[in-house]
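Trainee: Right, I'll just put the structure down here and ask away after.
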Amino acid sequence: MTTTVDQPTVREPRFAPDMFRACAEVATSALDADRRTAVVLTDPGPAPDFAEAAARHPTRVIEVSAHRRLAIGVAHGMALTGLRPVVHATTPFLDRRPHQELALLGRRGSAAVVVGPSAPGDLALLDALPGWTVQLPGHPAEAAGLLAAALRGDGPVYLGLSAPTS
């Protein structure tokens, strides 16, 4: 006799452009208003949402392309100098190495805000890390408000942005 058990489907995170745009607006405003704010971009090419801000603040808007581990390392270094970095990614941090870096980032007294799609692996790991706050907004206005609050704080924050699945 053979028994078949349905396995739950793990859904890949869906990119939520409206929430990312709302967060980019908040981060750009923070760059202009607070010299402590920095942005680390993990996507190739100058992100259109940050192009003008990068021109105004070339030392506080850093692009590392698709290198997640480097992005976390850069954010860690920035945080150690007193900046409040936002790591802005449009793909999840599913690789094991960035997770190790995220764990170190929260433990060493330097903290950043990580904005990216909420992949199940990311959420499980970050929720288990001491000191991290994991937030999953449901719409752009909520995402913008949570990022603004995170930038005013000092602890490590993961803001998971994903479009609703149907």
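The values are calculated or read from the model by the stated rules, or taken from the named source; none is laboratory data. Please read all numbers here as calculations on a predicted model, not as lab measurements. A quick note on method: Cβ atoms are made from the backbone with ideal geometry, for glycine too, and the neighbour counts reach across all protein chains shown. What goes into the accessible areas is simple: the full protein's heavy atoms, side chains included, and nothing from ligands, DNA or RNA. Shrake-Rupley method; radii C 1.70, N 1.55, O 1.52, S 1.80 Å.
Trainee: Across the stretch 56-78, what is the total count of residues that are in a loop (DSSP other than H, G, I, E, B), open to solvent by 90 Å² or more (accessible area, probe 1.4 Å) and modelled with pLDDT under 85?
Mentor: Final tally of qualifying residues: 1.
A quick yes/no check of all residues on (1) part of a loop (DSSP other than H, G, I, E, B); (2) at pLDDT 90 or above; (3) on the phi < 0 side of the Ramachandran plot:
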| residue | (1), (2), (3) |
| --- | --- |
| 97 | no, no, yes |
| 100 | no, no, yes |
| 103 | no, no, yes |
| 109 | yes, no, no |
| 130 | yes, no, yes |
| 162 | yes, no, yes |
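Trainee: Restricting to the stretch 133-152, count the residues that are free of Cβ contacts under 8 Å to residues at least 40 places away in the same chain, more than 12 Å from the chain's Cα centre (by Cα) and part of a loop (DSSP other than H, G, I, E, B).
Mentor: 1
Trainee: Would you point out which residue out of 49, 6 is outside any helix (DSSP H, G or I), at pLDDT below 90 and acidic (Asp, Glu)?
Mentor: 6
Trainee: Right, next: Search the stretch 65-90 for residues that are more than 19 Å from residue 153 (Cα to Cα) and among the aromatic types (Phe, Trp, Tyr) and pair each with any residue that is open to solvent by less than 10 Å² (accessible area, probe 1.4 Å) and in a helix (DSSP H, G or I) when their beta-carbon atoms are under 7 Å apart and the residues are at least 6 apart or on different chains.
Mentor: Pairs found: none.
Trainee: I'd like to verify a number: residues in the stretch 99-150 that are more than 17 Å from residue 89 (Cα to Cα) and hydroxyl-bearing (Ser, Thr, Tyr), how many?
Mentor: 2
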